[in-house]
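So the structure is just underneath, and the comments pick up after that.
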Amino acid sequence: MSDGAVTSTDSAAARRDPGFCRFHTDHTAVVHWSSDHGWSDYSLEPYAPITMDPGTLVLHYGQSVFEGLKAFRQPDGSAALFRPADHAHRLARSARRLAMAEMPASLFLAACADLVRADDGWLPGEPGQGLYLRPLMIATESALGLRDSRRYRCTFLAYPADPCFGRAFAPISVLTSAGAVRAVRGGVGEAKCSGNYAASLLTRKQANARGYDEVLWLDGLEFRWVEELSGMNVFFVWRADDERHGVRLTTPPCQGTIMRGVTRDSVIALAGDLGIPVTEEPTPIDAVLSGARSGRLVEMFACGTAAVVVAVGRIADGDGDTVIGGGQEGAVTARVRHTLMEIQHGIRPDTHGWLRSVRKDRASVHSSTDRQ
Ligand SMILES: *Cc1c(COP(=O)(O)O)cnc(C)c1O
């Protein structure tokens, strides 16, 4: 991942070599909520720092949720958002879990569209590149009592972006979490809340220091069941038992501790389109490691908005490294990735209705309606 500072520069330079969110764009869309007025004060503003009182609730009790979604350049030169309504609904679910106000999807969609329209000049167009949008919602009331806030602010930020592990999609390596816990059932693992990332950072830093790209989180009770990475869901490609040349795809089920990834959902749908059987099933880490060694597990990949789809070539646990599929990107991973990217870039028919066009000629905040 890129670790450069976020610095505003001219849009052409940022487009040429965006890295992953190294440069922010010129604008933000901002919307406020208060218990008195509900959602109000929507505006598209120049990008600027925010100031807050040191007693602001988000700083103390962590009411902070966010989203990550992308807009992609289309063959006709327009821009389109990928599954924005699904991201809107997930932000609302995350907010509900943290006792925060739920933003209507129509407002979320309008803000995203306005921002993409305003910062269209920042959107890079090479395959895999996009404009990464980060809606961030925080508690803004200053009050030190332990309770939910009566005021929230949602800021929509935009960044030109390469896939976070690069456009070459080189396979990544992962280290199992061994004793550290990201989420437990009944907790907030399924919410895209800032605290989840704070909870995962130390383990991730330790994995990085040992040369691994990411942490493969196991369940917090038995440390046996594979869950996901710190910001990506995982899929396994198994040689099917009954068919000589067939494969099947599995992914851990969403039972409250893993993110309901929009990319995960897209991969499940695309696998269906491609005729690859896919099931959501609990997967023990032992089966993954022994399967990789015996050749029954032929591929593993991770997926998320930031990375798109990236092969996992190596897993390490207490007993050392296990290579998957020769450490290379396998055929199924490549096929799923290409199919998804072609839909995102408008090259393949969008049969699922995932793209939402952002037209240049109209402002949407007062006119757009939620069609999904
Ligand atoms: C955001 C996220 C994902 C991926 O979700 P997408 O909707 O596909 O971007 C997966 N896991 C975690 C923990 C996440 O935060």
(Q) Taking the beta-carbon count within 10 Å as an exposure proxy, list Ser78, Ser40, Ser177 from fewest neighbours to most. (A) Ser40, Ser78, Ser177
Q. To the nearest 20 debye, what is the magnitude of the charge dipole of the chain about its Cα centre, counting +1 on the Cβ of each Lys and Arg and -1 on the Cβ of each Asp and Glu?
A. 160
Q) Around His24, what is the net charge, scoring Lys/Arg as +1 and Asp/Glu as -1 over all other residues with Cβ under 11 Å from its Cβ? A) 0
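May I ask for the net charge around Ser200, where only other residues with Cβ less than 13 Å from the Cβ of Ser200 are counted and Lys, Arg are +1 while Asp, Glu are -1? Working shown, then result.
On the way: positive: Arg182, Lys192, Arg204, Lys205; negative: Glu214, Glu227, Glu228.
For residues surrounding Ser200, the net value is +1.
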Q | Coordinate range along principal axes, alpha carbons of the chain, Å, largest first | A | 60, 52, 36
Q. Which of Gly261, Gly295, Gly313 moves most in a GNM of the chain, Cα contacts under 10 Å?
A. Gly295
Q) To the nearest 10 degrees, how steep is helix 285-294 against the longest Cα principal axis of the chain, on a 0 to 90 scale? A) 50
Q) Of Asp317, Asp36, Asp120, which has the largest mean-square fluctuation in a 10 Å C-alpha GNM of the chain? A) Asp36
Q. Out of the DSSP beta bridges found with both residues in segment 172-328, what percent are antiparallel (nearest 5)?
A. 70
Q.
Of the candidates Thr351, Thr176, Thr51, which one comes out as most mobile in a Gaussian network treatment of the chain with C-alpha springs shorter than 10 Å?
A. Thr51
Q) Looking at Thr251, Gly231, Pro277, which one has the Cα that reaches farthest to the positive end of the dipole of segment 172-328 (charges on Cβ: Lys, Arg +1; Asp, Glu -1)? A) Gly231
(Q) I need the peptides 328-339, 230-241 ranked by packing, meaning the mean over residues of other C-beta atoms within 10 angstrom, with the highest value on top. (A) 230-241, 328-339
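For the chain, what does the helix formula give at 222 nm: sum of -39500 (n - 2.57) over DSSP H segments with n ≥ 4, over the residue count, nearest 500 deg cm²/dmol? Don't jump to the answer; show the numbers that get you there.
Working: 8 runs with 91 residues, N = 372.
That calculation yields -7500 deg cm²/dmol at 222 nm.
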Q. What is the helix-to-structure angle for 262-273, meaning the angle in degrees between its Cα long axis and the longest Cα principal axis of the chain, kept from 0 to 90 and rounded to the nearest 10?
A. 50
Q) Amide H of Glu299: which non-local residues (sequence gap of 5 or more, or other chain) have their own amide H closer than 5 Å, using H built in the peptide plane? A) Val237
Q. Using θ = phi - 60° and the Karplus curve 6.51 cos²θ - 1.76 cosθ + 1.60, what whole-Hz ³J(HN,Hα) does each residue of segment 182-192 get, with Gly and Pro shown as x?
A. 8, 7, 10, 4, x, x, 10, x, 7, 8, 8
Q: With a Förster radius of 25 Å, plug the Cβ-Cβ distance of Arg150 and Glu280 into 1/(1 + (r/R0)^6) and report the FRET value to the nearest 0.05.
A: 0.05
Q | Local electrostatic count at Gly121 - Lys and Arg +1, Asp and Glu -1, tallied over other residues with Cβ under 10 Å | A | -3
Q | Rounded to 10°, Cα long-axis angle of helix 194-209 versus longest principal axis of the chain | A | 40
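What is the fewest-to-most order of Arg314, Arg260 by other Cβ atoms lying within 10 Å of their Cβ? Don't skip to the end; give the middle numbers.
Values: Arg314 20, Arg260 14.
Ordered by Cβ neighbours within 10 Å, fewest first: Arg260, Arg314.
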Q | Nearest-0.05 FRET efficiency for His338 and Leu221, computed from C-beta distance (R0 56 Å) | A | 0.90
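Bear in mind that the values in this text are calculations on the coordinates, not laboratory data. Everything quoted here is computed from the prediction, not taken from an experiment. Note that we place each Cβ from the backbone using ideal geometry, even for glycine, and neighbour counts take in every protein chain shown.
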